[in-house]
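Only one structure is covered here, and it is reproduced in the block below.
Coordinate-derived values only; no laboratory data. Values in this document were obtained by computation on a predicted structure and should not be read as measured data. With ideal geometry, Cβ positions are generated from the backbone for all residues, glycine too; neighbour counts draw on all protein chains shown.
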Amino acid sequence: MANHTANKFRTDLWKEDSIHSVDFYNQWFMESAPEAYREARAGVVSRVILTLKGLNYLYGINLNRVIDNPQFLSVLRACTAPPIAVDRLAGLSGTTKTLIKTLEKGKVPSRMDKSAIEESVARILNIVNRLLDFEIFPWLRNGNTPSAQMLNRSSAIIADRISGTLADPIIRNSQEARQFKAIDEFLQNLGYIKVNSNDFDSCTLMPPKSYAHHMNVPVRISSAKEINMPIDVVIQTTETINNQMPILVECKSAGDFTNTNKRRKEEAIKVTQLRNTYGVDSIKFVLFLCGYFDTSYLGYEASENIDWVWEHRISDFLMLGI
């Protein structure tokens with residue numbers, strides 16, 4: 001990497017680049033984030049309708065049906081007045097958050113005794129039944145089967161409740177997809193080939209002009225312990241020699257300054273572990289930034305000898321010898 005062109009040394013551009021990055025992120029958010037949310041919400045609506053039908057429109061919230069379909073519980077929590085959080089439901093029912101979260105993933109704990117599971121689920125459903133929001137499910141008052149219109153309306157309300165809690169993960173997933181797509185297009189235009197990270201025992205075995213998403217790179221965290229460090233994008237350049245470490249890219253996209261400055265030490269910890277394992281001169285660890293990264297954040301990363309590429313100026317990758 002040519003130090004005189006690395007972003008970490010171009011302090012005169014930090015403030016201007018930060019402004020451009022914020023503008024780039026905000027434009028993306030206004031144009032794309034609502035659509036990502038709507039798409040995710042549509043999937044939630046379908047899940048709610050399936051749950052309501054699977055529980056006989058809430059007339060059939062019984063032990064056997066929920067144990068056979070434990071994923072129904074995540075929808076049932078949103079059907080109460082007020083919607084009940086996992087920790088609150090655990091407290092009221094005398095169960096545990098771990099049990100509830102396991103059930104909501106569609107699993108029944110394999111190490112838990114069957115009678116204990118049944119007893120716990122029965123207590124959970126007792127709370128849910130007592131707190132059901134009859135204003136949202138008016139058919140429960142008169143014992144009728146809901147019309148299609150009524151079912152759709154009620155499902156939409158519950159989906160909004162669930163989607164509200166999922167908004168941040170939805171945006172994060174959409175941000176990652178955007179950044180990966182930008183890198184894909186940039187590298188492929190340069191003749192790079194995407195490879196499967198699972199096809200290589202080591203990132204150093206990747207062929208020249210190749211790249212991979214989500215590759216695990218082993219690092220030592222002590223003399224006796226080694227862990228796999230997940231790397232967002234691994235890029236093997238054209239100038240490769242035997243056992244040469246590729247470029248390791250950490251994708252970062254943020255919608256506020258506070259969170260980025262709170263988490264800025266994470267990259268320093270990662271790069272320290274990499275350097276301790278492979279040597280200071282072997283590691284080419286860079287950040288791919290979009291959004292709210294101010295000069296304070298950039299100064300901290302530069303002090304840790306970490307460089308970065310801006311998404312709004314993706315050609316910065318060329319500085320890395322790509």
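Some values worked out for this structure:
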item	result
Theoretical FRET efficiency, 1/(1+(r/R0)^6), r = Cβ-Cβ of S222 and I193, R0 30 Å, to 0.05	0.25
Residues whose placed amide H lies under 5 Å from that of T80, excluding near-sequence neighbours	D133
CD proxy at 222 nm, helix term only [per DSSP H run n ≥ 4: -39500 (n - 2.57); per residue of the chain; nearest 500]	-17000 deg cm²/dmol
Histogram of C-alpha separations across region 37-168, 10 Å bin width, %	12, 46, 33, 9, 0
Contact order relative to length of the chain, as percent, for alpha carbon pairs under 8 angstrom and 6 or more apart	22 percent
Candidate lysines - alpha carbon under 24 Å from K97, same-chain residues fewer than 8 apart omitted	K105, K107, K114
Percent of beta bridges antiparallel (DSSP, the chain, rounded to nearest 5)	50 percent
Length added when fully stretched, R111-R313, from 0.36 nm per residue minus Cα-Cα	67.5 nm
Computed label-point distance, nm, for sites A42 and N26 using a 7 Å Cα→Cβ extension	3.0 nm
Given K53/K101; K8/K270; K15/K194; K15/K262; K181/K284; K15/K265, the pairs whose alpha carbons are separated by over 25 Å	K15/K194
Stretchable slack from N152 to E118, in nm (0.36 nm times residue separation minus alpha-carbon distance)	9.1 nm
Theoretical FRET efficiency, 1/(1+(r/R0)^6), r = Cβ-Cβ of S282 and R130, R0 56 Å, to 0.05	0.35
Cβ-based exposure ranking for M112, M215, in which fewest neighbours within 10 Å come first	M112, M215
K265 paired with H214, simple spin-label distance in nm, labels 7 Å along Cα-to-beta-carbon	2.9 nm
Contact order relative to length of region 37-168, as percent, for alpha carbon pairs under 8 angstrom and 6 or more apart	37 percent
Long-range HN-HN contacts of D307 with modeled amide H, under 5 Å	L287
Distance from region 243-315 to region 27-90 (C-alpha centre basis), Å	37 Å
Length added when fully stretched, D184-L13, from 0.36 nm per residue minus Cα-Cα	59.0 nm
Pairwise label distance in nanometres, D201 with T145, each label 7 Å out on the Cα-Cβ vector	6.2 nm
Under Karplus coefficients 6.51, -1.76 and 1.60, residue-wise ³J(HN,Hα) of region 36-44 in Hz, glycine/proline x	4, 5, 5, 5, 5, 5, 4, x, 5
Those GluC sites (Glu not before Pro) in region 193-279 that DSSP places in a loop and that have at most 15 other beta carbons within 10 Å	E239
Near-label residues of region 154-180 by backbone N, under 17 Å of a point 7 Å along Cα→Cβ of R88	158-166
